[in-house]
Amino acid sequence: AKAQGRNNYQQFTQSMQLKALLHARLVRDLRRAISEQQFCLYYQPIVELSTGKLVKAEALIRWQHPTRGMINPDQFISAAEETGLISEIGDWVFRQAAWQTAEWRKTLSPNFHVSINSSPVQYLDKTSRMSLWLDYLRTLELPQEAVSIEVTEGVLMDKISTAPEKLRALHDAGISISLDDFGTGYSSLAYLKKYAIDFIKIDRSFVQNLTTDSDDLALCEAIIVMAHKLRMKVIAEGIETAEQELILHDAGCDYGQGYLYSEPVAAEAFEKLFPPNH
Ligand code: C2E
Ligand code: CA
Ligand code: CA
Ligand code: CA
């Protein structure tokens, strides 16, 4: 039993060492990824439910790792947050997405809109990197209304962050604010009052069982009614079936996003989702 215990302990420390090693390697690779521009953005369509038209996209980061291949954000965002590297990555994401939006407004659709994710860590900086974002939009001659910043409830909750001032400044400049994954965090209705929020994104977990769970339907309907009374628009995430789409459309939901329309795809593939001569 004693030997067994020692063995387990050795395995435990070995696996801890392995974890630490892998983490250190990830951080080193992330630093290199920034300097060598290994990130790219995928875009997922957002459809206006009343017309079926593709009017927006959400930009979602991907990492083209030189040896490990394409890596999804779930594998690296938290390491980027822990190390603070997310601020630099987030600046790159903003600029790349804004540049792409300006292009697509010229070539695809003049009112096209792109939604950009942000991390709570980006609101901890005392310096305002976000005023540089506004400068960049001016350089591109891209109207502020063309972009939206997505925040999670975590951003709004954090007491030490500068989120209130930063979001206010972005909103005052004309950038819209979207509340991501709505309903999954410590949703407090007070946030809806305190912050100038333009869009609520209903989390996929409520959309998933819409056809079988009447409670989920009731929650979606209530969120939509509430949002509209507060002059916000609603985007439902994770729509995978035509049935879910129909229910949400009938409930008055404004926009839909999910595999029913398309998975997130690279920019070139995204352009092909537009009908010719729209
Ligand atoms: P999110 O912001 O909630 O993004 C939606 C995620 O759901 C995406 O995963 C998307 O591929 C997936 N999804 C979309 N439609 C469907 C569907 O119909 N069914 C299912 N099962 N999934 C669907 P992805 O691209 O892997 O991104 C994961 C998360 O990583 C995002 O969740 C977001 O929190 C974070 N993330 C992505 N890009 C960025 C970024 O540029 N900056 C920051 N800070 N976070 C990012
Ligand atoms: Ca999002
Ligand atoms: Ca989401
Ligand atoms: Ca999510």
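The values are calculated or read from the model by the stated rules, or taken from the named source; none is laboratory data. Owing to the predicted nature of the structure, the values given are computational and were not obtained by experimental measurement. Cβ placement follows ideal geometry from the backbone for every residue including glycine, while neighbour counts extend to all protein chains displayed. Accessible surface areas use protein heavy atoms only, side chains included; no ligands, DNA or RNA. Shrake-Rupley method; radii C 1.70, N 1.55, O 1.52, S 1.80 Å.
Does the stretch 220-240 contain at least one residue that is surrounded by 13 or more Cβ atoms within 10 Å (Cβ to Cβ), away from ligand 2 (no atom under 16 Å from the Cβ), closer than 14 Å to Glu153 by Cα and not small (Gly, Ala, Ser)?
Within the stretch 220-240, none of the residues are surrounded by 13 or more Cβ atoms within 10 Å (Cβ to Cβ), away from ligand 2 (no atom under 16 Å from the Cβ), closer than 14 Å to Glu153 by Cα and not small (Gly, Ala, Ser).
Which of the residues that make up the stretch 187-211 are aliphatic (A, V, I, L, M) and within 16 Å of ligand 2 (Cβ to nearest atom)?
Scanning the stretch 187-211 gives Ile197, Ile200, Ile202, Val207.
Could you please let me know if Asp198 is in contact with a strand residue (DSSP E or B) (Cβ under 6 Å, 6 or more places away or on another chain), within 16 Å of ligand 3 (Cβ to nearest atom) and open to solvent by 30 Å² or more (accessible area, probe 1.4 Å)?
For Asp198, the condition - in contact with a strand residue (DSSP E or B) (Cβ under 6 Å, 6 or more places away or on another chain), within 16 Å of ligand 3 (Cβ to nearest atom) and open to solvent by 30 Å² or more (accessible area, probe 1.4 Å) - is met.
Just the residues that are more than 14 Å from ligand 3 (Cβ to nearest atom), on the phi < 0 side of the Ramachandran plot, not in a helix (DSSP H, G or I) and not hydrophobic (A, V, I, L, M, F, W, C), please, taken from the stretch 160-187.
Within the stretch 160-187, Ser161, Thr162, Ser176, Tyr186 qualify.
Please find, within the stretch 9-47, the residue that is farthest from the chain's Cα centre (by Cα) out of those that are aromatic (Phe, Trp, Tyr) and under 17 Å from Asp74 (Cα atoms).
Only one residue tops the list, namely Phe39.
Considering only the stretch 160-186, how many residues are hydroxyl-bearing (Ser, Thr, Tyr), in contact with a Leu (Cβ under 6 Å, 6 or more places away or on another chain) and within 13 Å of ligand 2 (Cβ to nearest atom)?
0
Applying the selection to the stretch 259-278, what residues are within 18 Å of the chain's Cα centre (by Cα) and touching a residue at least 60 places away in the same chain (Cβ under 8 Å)?
Answer for the stretch 259-278, where residues must be within 18 Å of the chain's Cα centre (by Cα) and touching a residue at least 60 places away in the same chain (Cβ under 8 Å): Tyr261, Ser262, Glu263, Pro264, Val265, Ala266, Ala267, Phe270.
Anything in the stretch 246-278 that is assigned to a helix (DSSP H, G or I) and within 24 Å of Ala98 (Cβ to Cβ)? List them, or say none.
Ala267, Glu268, Ala269, Phe270, Glu271, listed by residue number.
Having 1 or more residues that are β-branched (Val, Ile, Thr) and surrounded by fewer than 18 Cβ atoms within 10 Å (Cβ to Cβ) is the bar; report the strands (runs of 3 or more DSSP E) wholly within the stretch 1-92 that clear it.
Of the strands (runs of 3 or more DSSP E) lying wholly inside the stretch 1-92, those with at least 1 residues that are β-branched (Val, Ile, Thr) and surrounded by fewer than 18 Cβ atoms within 10 Å (Cβ to Cβ) span 53-65.
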